[in-house]
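The values are calculated or read from the model by the stated rules, or taken from the named source; none is laboratory data. Predicted, not measured: the structure shown is a model, and the values here were computed from it. Here the Cβ is made from the backbone with ideal geometry for all residues, glycine too, and neighbour counts use every protein chain on show. The accessibility values were calculated without ligands, DNA or RNA, using every heavy atom of the protein model including side chains. Shrake-Rupley method; radii C 1.70, N 1.55, O 1.52, S 1.80 Å.
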Amino acid sequence: MTSLALTASLLLALGGGTDSVGLPAAAPRVPAASADNPYQKLVADHASAIVTIKFVMKMEMPGSGGDHEFEEEVFGVMMDPKGLVLVSNFQMGGMASRMGRGQGMSVTPTQIKILVGDDTEGVEAKLVTRDSELDLAWVKVEKAPEKPFAAVDFSKAAEPKLGETLLFLDRLDKYFDRVPMVYETKVGATPKKPRSVYLPSDEGRRYGVPVFTGMGETVGFAALQLPSEEDEQGMGMNRFRGAVVVLPAAEIVTATERAMKAAESAEKGDAGATEKPKTEAEPQK
Amino acid sequence: MPLRTRAAAMLIASAGISVPCQSLTAQPPVTAESAVKLSEGATDTLLRDGLRNLISGARDKVFPSLVNISVITVNYYGGVERKGGGTGSGTIISKDGHVVTNAHVTSSGKKFKVTLADKSEISAELVGEDPQTDLAVLKLSAEDLKGRALPVAGFGDSDELAMGDYVIAMGSPYSLSRSITLGVVSNCERVFAGGNEEVGPIDYIDGQATGSYTRWIQHDALINPGNSGGPLVNLKGQIVGVNTRGGSGMGFASPSNMVKDIVAKLIAHGEVPRSQVGFSLKQIEKSGLKEGVLITSVIADAPAGKAGIKAGDVIVKMDGTPVTARFAEEIPALTRRIADTAIGGKIRLTVQRAGETKEFEVTTEKMLKDKGDETILRGWGLGAEDVTEAYARELRLTSRDGVLVTGVRGGSPPAHAEPSLQGGDIITTLDGKPLKNLAEIVERYKAIMAMEPIPEFLMIGVERRGKNQVTLIKPRPVKREDPPREVPKAWIGMETQPVLKDLARQLGHDGQTGFRVTRVYPKTLAAGSELKVGDVIVSLNNEKTAPKGMQDAGFLRRQIEKIRLEDGAKATLKVLRAGQPVDVTVPVERTRIGPEEARKDDNKDFELGVRELTFFDRDDNRWDDDVTGVMVTGAEPAGWAGLGGLFGGDLIQRIDSETITDLTSYRAAMEKITKAQSDRVTFVVLRGVRTFYKFVEPDWKPLVDKKKAEQVEKEKKEAR
């Protein structure tokens, strides 16, 4: 846990006046942490970092009579106090893109806003980049915040074993005022191919949320694993249709570093962001 | 009389003409009487040739004036303007170039092109439409005609038609222009009654009820989509109907006597002025009544209601003349009689009510349009329509001021508003000020969107089912946004296929699985290495790459992606080549941008989507680096670009005199065209290996027809 997050949890435990660093004054009350109640502790420690992302999904299919737009609201996890949010790519238009691939369909999340706590206005944000293979997308606030946001630290990760408790920290729909929700399950499997992940023991888990041990240590991020285009070939009718997996925190950190480096390059107008890369081949002799 | 001889006599008699028999024998012209005296052999020939001559004679009289009509339509759904196209048929009926067709052919039409018998294409304008009878008149452009004489077809008397008469349907079924089919009249007075056995509209055209006044000519000359608006012709070569409906081997034509009347009114007034009194009629069959016609409903604030007429009254006399409608077929004549009364004229009605006879005098009013003009405020994603008198009456609105919301585009400012706007809302105020009509909201919309900066909030007042509400929308310009890019990862410029055990053995690799190189992309770092097509990769950086099944097809790619991308990064591959292990070092580069991630542009005027050219486009098409341009992702079929023949997959290389190298140059060229409001734009596109020249004709007309807007205001004043 970072020092800021630790301070936040202490303040919560003491029932301090401010709910958490960086939140508006009207943040929802969270119960005092109780060591005997892991759910309460988890919510107290990290619920503030589960944020709402509102956006308009714009879908364009050539020859279909124009754009189709609809509002969406998903949850993501703040992973950097400066305002970087990790979200499931499939929830940010990746699923629609996948279904429309090969048909020229274009799916673009637009008018993105991040809502923290009780905030109804939201702060403007942009989708920086995504990794469809890992089901990760990174959304960054446009303007640096005055106060740092509450965030989940993925750099210190726990590595649970088979059968150990996993806690998924999510939020309910706005109909239920977006209150935090904790799901409990166990590590059901630890496959190494196609990559190292944790598989929850029961199906139907939400993805796009952070996952913790029963002691509140960060395990990773729940993502939807779907086969790649090449993997789908030859699978026939019994093809693997996808599963919610937990990507280990270390993988999240590596992927984020790579993503942010690429985003920085793109902003500088690096050739890698355009069609022709710097490293062009010499003609074959 | 032998059947065939008799048949020949009937054929000639029904045509009402004499058939010269010079082609058969040197005999005087054959009449019905003389036909029976012919020998049997000659009668067979006469029967066959006679009918053929009659058909060809009728055909030749009308065919030269038969036209094909192409229409570009604009409709509005869900706050979005959607263009479409359609075709139909028509007939030139005047030397001035008037063409009669169906209203459902011209409905929502913004542009009309008419193809004449000599295949020349002439643009046309709409003179007027009458949805109630589904008839319309176009006028050919004098400029395009350049003074040439036009063939004109004449009308016959549809009242003279009898069941069994031969009729010819002419038109363009399924856009197959200039076709004819032959049939007989099946019924001369067909009407359509709904489930409640009341003769009423059979359909709606642009929201307007149609079919209430028509007694159709039912026939079995085969007609199909595309025949609409084409003539139904008798064997004298006269138009006896306009084909309007059909299916399942049946056709229904509007009778020419009605068509003549409607066409004359459309040409004179641009519309068909009709009277209404505000009640519905029903035939008395099954009612127990012996005479009269039943009034089933009365609109309270319409003339009949104001005069004191009530539902349940039975009209027995109209202007002193007894009237009875025992069957449904008799209703259209009565409704037409009322409709044809002069607007503001008086009709005396004698009714029976609860055993008493009562007299009423009803002053007619002008028949109200059900639907008003409509448009889209594109930047707001809002469909808006004028509030008609009919709509105001239906919803019991106290005023016609305001505009009706017909649709709201998902994700648009009105959709985001809290509360959001909905179809059916009446916008009564905009920015706190009262709103009169469609033309006004268009002007105010344009002014707001031209402001610098555009206001953050706009207050809108709406009437929603009797409730007065206010909401705020945040108007904003249409922003161009690009789809998010994937994180670039390590990549080797090749494609591979998994080699499983059986294939490995056949390749002589002793069952050692791996990944066989199927392509080495030219102009990549891999192309400069020793890697070859056919190599089977068995390890990457000393880690085995051994697929167990097809589910591992992506395994090698994932392993490559784990390599840290930095300048000079390399991968060491152990490959099997001709059965022998070989080490190959391949430089690693970053993944190339795919079409899904390419930057895009969407031109709303031309309804044309393009994106930047990618590495994979070049490779797929085998285009060298000197090939530049932007790829078309799609063109709406009835949009300007679509009509000009641009398709998805085209590479736009030049626009007019501007060479297109990338999105920036493309956008600059399109902005220049928009500023200049060019009449014609030439796109030079590369499609595969061929170059095409595409000529696009933009139509830069304003959103609302000012003349129609003035007409709306005039009607409002008259109604007050």
Degrees between helix B:706-719 axis and first principal axis of chain B (Cα, 0 to 90, nearest 10) | 40
Hey, what does the equivalent ellipsoid look like for region B:532-627, semi-axes from the Cα gyration tensor as sqrt of 5 times each eigenvalue, largest first, whole Å?
-> 36, 15, 15
If you place +1 on the Cβ of every Lys and Arg, -1 on the Cβ of every Asp and Glu, and leave all else neutral, what size is the dipole of chain B about its Cα centre, to the nearest 20 Debye?
-> 520
Roughly what % of Cα-Cα distances in region A:71-182 sit above 19 Å, to the whole percent?
-> 54
Classify region B:247-295 as rounded, prolate or oblate, taking a ≥ b ≥ c as the square roots of the eigenvalues of its Cα gyration tensor: rounded when a/c is under 1.5, otherwise prolate if a/b is larger than b/c and oblate if not.
-> oblate
Between B:Thr513 and residues 5 or more places away or on another chain, the pairs with built amide H atoms under 5 Å apart involve none
Length gained, B:Arg337-B:Asp510, 0.36 nm per residue minus C-alpha separation, equals 52.7 nm
Going by average Cβ neighbours within 10 Å, how do the peptides B:655-667, B:134-146 rank, with the highest at the top?
-> B:134-146, B:655-667
Obtain the nm distance between the two label points defined at B:Lys672 and B:Arg148 by a simple spin-label model: each point lies 7 Å from its Cα along the Cα-to-C-beta direction.
-> 3.7
Using the scaling law 2.2 N^0.38 Å as the reference, what is the normalised Cα Rg of region B:411-504?
-> 2.03
Hey, what do the phi angles of region B:213-218 turn into as Karplus ³J(HN,Hα) couplings, whole Hz, using 6.51/-1.76/1.60 and θ = phi - 60°, x for Gly and Pro?
-> 9, 9, 9, 6, 8, 8
Kindly identify region B:209-264 as rounded, prolate or oblate by the Cα gyration tensor criterion: order the square roots of the eigenvalues as a ≥ b ≥ c, call it rounded if a/c is under 1.5, otherwise compare a/b with b/c, prolate if a/b is larger, else oblate.
-> oblate
Efficiency of FRET between B:Glu356 and B:Ser287 - r from beta-carbon atoms, R0 25 angstrom, step 0.05 = 0.90
Provide B:Glu365, A:Glu229 ordered by accessible surface of protein heavy atoms (probe 1.4 Å), highest first.
-> A:Glu229, B:Glu365
Please list A:Lys54, B:Lys544 in order of solvent-accessible area, largest first, computed with a 1.4 Å probe with all protein chains present.
-> B:Lys544, A:Lys54
Going from the alpha-carbon gyration tensor of region A:95-140, what semi-axes, largest first and in whole Å, does one get by taking the root of 5 times each eigenvalue?
-> 26, 12, 9
To the nearest whole percent, what portion of all C-alpha pairs in region B:316-415 is separated by more than 20 angstrom?
-> 61
Förster radius 51 Å - calculated FRET efficiency between A:Glu142 and B:His269 (Cβ-Cβ, nearest 0.05) | 0.30
Can you give the translational diffusion coefficient of chain B in µm²/s, computed by Stokes-Einstein from the Kirkwood radius over Cα pairs at 10 °C and 1.306 mPa s?
-> 50
Placed amide H near B:Asp535: partners under 5 Å, 5+ positions off or other chain | B:Val517
Using 7 Å Cα-to-Cβ label points, what is the B:Arg326/B:Asp431 separation (nm, one decimal)?
-> 6.7
Quick one: work out Rg over Rh on the C-alpha atoms of region B:273-374, Rh as Kirkwood radius.
-> 0.97
Which whole-Hz ³J(HN,Hα) couplings does region B:442-454 yield from phi under the Karplus relation 6.51 cos²θ - 1.76 cosθ + 1.60, θ = phi - 60°, glycine and proline marked x?
-> 5, 5, 6, 4, 4, 5, 5, 6, 8, 6, 10, x, 5
Quote the FRET efficiency, to the nearest 0.05, computed for A:Glu184 versus B:Ala447 with a Förster distance R0 of 60 Å and r equal to the Cβ-Cβ distance.
-> 0.55
Taking every Cα atom in region A:108-240, find the radius of gyration and the maximum pairwise distance Dmax, and write them in Å.
-> 17.2, 53
Once amide H atoms are placed 1.01 Å from N in the peptide plane, what residues at a sequence separation of 5 or more from B:Gly154, or on another chain, have their amide H within under 5 Å of its amide H?
-> B:Ile239
P(r) weight above 15 Å for region B:375-464, C-alpha pairs, percent | 57
Shielding score for B:487-494, defined as the mean number of other chain Cβ atoms within 10 Å = 5
Per-residue ³J(HN,Hα) for region B:407-417, Karplus 6.51 cos²θ - 1.76 cosθ + 1.60, θ = phi - 60°, Hz, x for Gly and Pro = x, 10, 6, x, x, 7, x, x, 6, 7, 4
Projected label distance in nm at A:Glu267 and B:Asp482, using a 7 Å step from Cα toward the beta-carbon | 1.5
Can you give the accessible area buried between chains B and A, summed over both chains, with a 1.4 Å probe, in Å² to the nearest 100?
-> 4300
Please report the orientation-averaged projected area of region A:178-225, defined via the convex hull of its C-alpha atoms, in nm².
-> 3.7
